[in-house]
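Asker: Structure in structure tokens, see below.
Read-outs throughout are calculated quantities, based only on the coordinates presented, and are distinct from any laboratory measurement. Because the structure is a prediction, the values reported are computed rather than measured. Heads up, the Cβs are rebuilt from the backbone with ideal geometry, glycines too, and the neighbour counts pull from every protein chain shown.
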Amino acid sequence: MPKKLVSLWKSNFFKMALLILLFVAAALIIMAMMLGQQAGQFVIRAQSGDISKSIAVTTELDNKESYQPSLTVEGMDEMNDYSPEYFLQADYQTLRKLCSTPGLTNHDNNSLYIYTFYIINTSVSGGVGVNVTLKYSNVTRYLDEIVRVLTYYETYNVSDPQVYQKPDSLERAQKVSDELHKNDAVKPVITSIDYPRYILTPNPFVDSANNSQGTVFNNQQINIGYGDGMDYVKYSVMFWLEGDDPDSTYFGNELFSGTIKFDMTIAVSM
């Protein structure tokens, strides 16, 4: 394996805006995130469908009056490609701490965005199962090539964090390596790309064939209990731009002002 291709400590800033839209239609929540040049907002909307099995969202677990059809927070417009890996520790204590505050937070000079909210089981009786899907679209300037997504939730069972990325192109990584070693008599051959600071192996996007849209994951199954403090899930989504990804160097200035839109669907499994 060659040495690290791209420094983690770069200070380039990417102009982004973030828009999250969640709504529940027939017990359905949709979350959309927009990263681009224009300012955005987080908007969460919830509507009950089958009232016998329904869910809601909130950032105020102990305030039942906050279980409203909509939540809104301001967006953001800058993000850099410093790679925050410190939260990926074996005991996940740092991760839990970072995700402890509901709502939108950012860390390390806009290197890491976290949105934490609660999925509440508002069914009239019994537990409920949900399936979570995350899709992306509206990609410009290849931003999907270096974005990373981590999901993590807590309930009476604590999930293992999951990291997702678009599969790396060995061809592009080879070109970056060749340029870095252009004066060497023998150039290393790239056969795989590892991220040694990750203690978790990233999952590839389920579908990334289209250059402007695809699916990050579509198979997160979560069971939410009923009553006795078990009727909710605390769910967090984390986003960052991976400066150690060879594509961060390969595309260079093309990534500036890049955009990507994420749509998360949390559907009741009837």
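Asker: Taking 0.36 nm per residue of sequence separation and subtracting the Cα-Cα distance, how much length would be gained by fully extending the chain between residue 219 and residue 160, in nm to one decimal?
Answerer: Contour length minus the Cα-Cα distance gives 19.8 nm.
Asker: Are there any trypsin sites (Lys or Arg not before Pro) in region 159-219 that are in a DSSP loop and have at most 12 other Cβ atoms within 10 Å? List them by number.
Answerer: Taking region 159-219 and a limit of 12 other Cβ atoms within 10 Å, the loop trypsin sites (Lys or Arg not before Pro) found are 182.
Asker: Additional query: Under the Karplus relation 6.51 cos²θ - 1.76 cosθ + 1.60, θ = phi - 60°, what is the ordered set of whole-Hz ³J(HN,Hα) values for region 210-216, x standing for Gly and Pro?
Answerer: Values per residue, Gly and Pro as x: 7, 5, 10, 7, x, 10, 6 Hz.
Asker: Give, in nm to one decimal, the length gained when the segment between residue 201 and residue 125 is fully stretched (0.36 nm per residue of separation minus the Cα-Cα distance).
Answerer: Additional length available on full extension: 23.5 nm.
Asker: Name the residue farthest towards the positive end of the dipole of region 128-245 from the options 176, 240, 222, assuming +1 on Cβ of Lys and Arg, -1 on Cβ of Asp and Glu, about the Cα centre.
Answerer: Value: 176.
Asker: OK, next. For each pair in 166/187; 64/261; 135/166, compute the distance between the two Cα atoms and list the pairs where it is over 19 Å.
Answerer: Distance filter (> 19 Å) returns 166/187; 64/261.
Asker: To make sure I understand, if each residue's beta carbon is the centre and we count other beta carbons within 10 Å, what order do 206, 149, 189 fall in, fewest to most?
Answerer: Ranked by crowding around the Cβ, least crowded first: 189, 206, 149.
Asker: Continuing with this model, one more query. For residue 257 and residue 61 in the same chain, what is the full-extension length gain: residue separation times 0.36 nm, less their Cα-Cα distance, in nm?
Answerer: 67.0 nm
Asker: In which sequence would 114, 55 go, from the one with the fewest C-beta neighbours within 10 Å to the one with the most?
Answerer: Listing 114, 55 from fewest to most nearby Cβ atoms yields 114, 55.
Asker: Same structure, new question: Loop-only check: which chymotrypsin sites (Phe, Trp or Tyr not before Pro) in region 220-267 are DSSP coil with at most 16 other Cβ within 10 angstrom?
Answerer: Here the sparse-neighbourhood loop sites are 226, 256.
Asker: Below 8 Å between Cα atoms, with a sequence gap of 6+, how large is the relative contact order for region 204-250 in percent?
Answerer: 18
Asker: Arrange the following residues from fewest to most other Cβ atoms within 10 Å of their Cβ: 169, 52, 83.
Answerer: Least to most surrounded, the residues fall as 52, 169, 83.
Asker: Then there's this: For an R0 of 41 angstrom, estimate the FRET efficiency from the Cβ-Cβ distance between residue 182 and residue 97 and round to the nearest 0.05.
Answerer: E(calc), rounded to 0.05, equals 0.40.
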